[in-house]
Amino acid sequence: MSKKPTGRRRADVDINVLESMQLRSRRSIREAERRRSKRANKRAEKIEKRAAAKLALANASTTTSKANAARVAAGVITASAKVRLSKRQSVKRAITMLVTSGVIASASLPAYAFNPLLSAMVGFTGNGTDSSANAQSLIIAEQAQNEFERGGFGAITASDLQNLSTNNTYRRYNGLTAADFYQNPAYSIITPADVINVAQKYVGVPYVLGGELPVGFDCSGLTRYVYAQFGVLLPHSVIAQSHDVHVHRIPRSQAQPGDLVILNDLSHEGIYAGGGQFYHAPRPGDQVKLAPIFTDSYFIARVTK
């Protein structure tokens, strides 16, 4: 077991221990100071980096804003520098001239000249003397059902247009009339077959009130025109024909094709075709046709020379 130092030796040992502790203490303090200094430097570097980054970001934002502002300003200036097409004086003058000329041209046309089909149908094209072509145009008009309006003239329906076309064609007709045939008959005698052959030629001719021409018939006009070709000029009236000297009432049992079918109230008539049918011009908007006798209130009359 070692002995503890005594006297001066003990004091020296105590001093050495104290110095050693002091040295260690000073080293610890210096190391702590160095660590604090390093930490302070690191913090300062981070602060500087952050400040630099913020400054760079601010500079970049400012630069971008300036560039955007410059582009916007340039765009505004460019847009304001453009001249709209509608503002150009030359374009405005051209448009004004076109509109004016269109109005003048429209005002100079007749009411039905806007549609080529309508113009052709009312007789602005063609000579219009062919009855079959006329009947075809009337069918087209009826199917089309065209309506149009211009200014104060109002609307015109397909039936009105048909009547207009038929009347125009009727007025332009310059062919043979019933009086012409009466002066120079095509047939010397009246036979049922010949009367039916003549009557069926006019199937499809449009109805015209008061018409007695092959471009337009009413009921008594048709019978008048047919029998004129046999040298008998009947008056143009159902009542007058029923009392004419050439017309003789006979029993129904003796009826034969070519005889007259006259309604009892003298409102309508036609040419008997046999089998309960007759050729007749029914009503406005219709045409000459072969059809069943639509009533039992009629009598038969025979035409003789």
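Observations
- Matching entry among 232, 203, 245 (being in a loop (DSSP other than H, G, I, E, B) and within 14 Å of residue 301 (Cα to Cα)): 245
- Here is the figure for the stretch 285-304: residues that are within 23 Å of residue 216 (Cβ to Cβ), out of contact with any Asp or Glu (no Cβ under 9 Å at 6 or more places or on another chain) and either outside the structural domain of residue 230 (by TED's automatic domain parsing) or in contact (Cβ under 8 Å) with a residue 60 or more places away in the chain (or both) total 5.
- Any chance residue 267 is modelled with pLDDT of 95 or more, polar (S, T, N, Q), farther than 19 Å from residue 170 by Cα and in a loop (DSSP other than H, G, I, E, B): yes
- Filter pass, residue 280 being closer than 18 Å to residue 303 by Cβ and surrounded by fewer than 20 Cβ atoms within 10 Å (Cβ to Cβ): no
- Answer residue from the stretch 142-163, given it is surrounded by 11 or more Cβ atoms within 10 Å (Cβ to Cβ) and in contact with a Phe, Trp or Tyr (Cβ under 8 Å, 6 or more places away or on another chain) and is modelled with the lowest pLDDT among those: 148
The values are calculated or read from the model by the stated rules, or taken from the named source; none is laboratory data. All figures in this text were calculated on a predicted structure; none of them were measured in a lab. In this analysis, Cβ positions are derived from the backbone assuming ideal geometry, glycine residues included, and neighbour counts consider all displayed protein chains.
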